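In what follows, a single structure is set out as structure tokens and then discussed.
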Amino acid sequence: MAAGLPQELDALLGQNLLEHVPFNVAVINRDFEIVAANRNFREFFGNWEGRRCHEVFKGIRVRCPHCRAAAVFEDGLVRVSDETGIDRHGRRCHYVVHLAPLRGPGGEVEYVIEMTTDLTETRHWQQQYNLVFERMPSLACVIDRDFRIVRANEKFREKFGDVEGQHCYRVCKRRDEPCRRCPAALTFEDGREHTGQQEGVSKEGAPTYYVVTTTPLSRGDAGVEHVIEMATDITAIRELEMRLQEAHDFYEA
């Protein structure tokens, strides 16, 4: 506890602090045995008495190959890690764990405290979002303020190729600079949704026509940081319109 605290307060904190923090907290010794844990930990991971951390967290008998706790015991540095384990019902779970050293009077690391936050539900919805993004029937991509594509879905890749990290205007238009009437630029500027009809070039070099809608995806201190572009390919419709116009012009001549 912090130096200078009254002894009574120090004792109360030592007894109750673990139970009041909104995390799953466990303390392990140098043999990787769990020697203390709070109620949240028990409710999430189950009984821990007489068991080692890898048995409780992972359901395995041997220490993890890349054990973060071992590294903390060795160098005394705080670590944060994204992990997959097993909850008390035997179900696969995802969590982020913060590991911090607890030092003895001589300064050596005697224990490591592990604080975990459950991300299972977050991961579930992330997977659902990824599935929807990948399989949506529109061409979709996410761009940053430099107009670089940070993510593109399956339909977009089919039309324009493997494009992550490239500028959208180079990928879609074969241009060397941003488009003059760019819906995404307007969205970055005013944070609103914009729609426009565009003509581009597919990965095969063929003309392609599409209607694109741009929407702000994330915001930061500087305003909109990412924009999602969702486009409907209207190439077949435009080609039909052009053929009809050619036929009309032929009969009018």
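Where a number appears in this text, it was derived from the coordinates with a stated rule and is not lab data. Being a predicted model, the structure only gives us computed values, none of them experimental. Cβ coordinates were reconstructed from backbone atoms using ideal geometry, including for glycine residues, and neighbour counts include every protein chain displayed.
According to the Kirkwood relation over distinct C-alpha pairs, the hydrodynamic radius of the range 48-105 is 12.5 Å. Summed over qualifying helices (DSSP H, 4 residues or more, each -39500 (n - 2.57)) and divided by its residue number, the chain shows a 222 nm mean residue ellipticity of -10500 deg cm²/dmol.
What shape does the range 79-162 have by the C-alpha gyration tensor, where a ≥ b ≥ c are the square roots of the eigenvalues, rounded means a/c under 1.5, and otherwise prolate means a/b greater than b/c and oblate the rest?
Working: a/c = 5.11, a/b = 2.18, b/c = 2.34.
Oblate is the answer for the range 79-162, as a/c is 1.5 or above yet b/c matches or exceeds a/b.
If you stretched the chain out fully between Ala70 and Glu108, how much longer would it get, using 0.36 nm times the residue separation minus the C-alpha to C-alpha distance?
On the way: separation 38, 0.36 × 38 = 13.68 nm, distance 1.35 nm.
Computed gain between Ala70 and Glu108 is 12.3 nm.
Our summary of shape: the Cα atoms of the range 7-119 have principal axis extents of 42, 29, 25 Å, ordered from largest down, in whole angstrom.
Using R₀ = 41 Å, calculate the FRET efficiency as 1/(1 + (r/R₀)^6) where r is the Cβ-Cβ separation of Glu158 and Glu252; round to 0.05. Spell out each step's value before the answer.
On the way: r = 38 Å, r/R0 = 0.93.
Step by step, r from the Cβ atoms, then E = 0.60.
The angle separating the long axis of helix 120-135 from the principal Cα axis of greatest extent in the chain is about 10 degrees.
Students often forget the sequence filter, so: which lysines lie under 21 Å Cα-Cα from Lys203 once same-chain residues fewer than 8 apart are removed? Straight-distance partners of Lys203: Lys155, Lys159, Lys173. Between amide H atoms placed 1.01 Å from N, distances below 5 Å from Arg63 occur with no residue 5 or more places distant or on a separate chain. For the chain, the alpha carbon convex hull comes to 207 Å³ per residue, rounded to a whole number. Expressed per residue, the C-alpha convex hull volume of the range 146-253 stands at 119 Å³.
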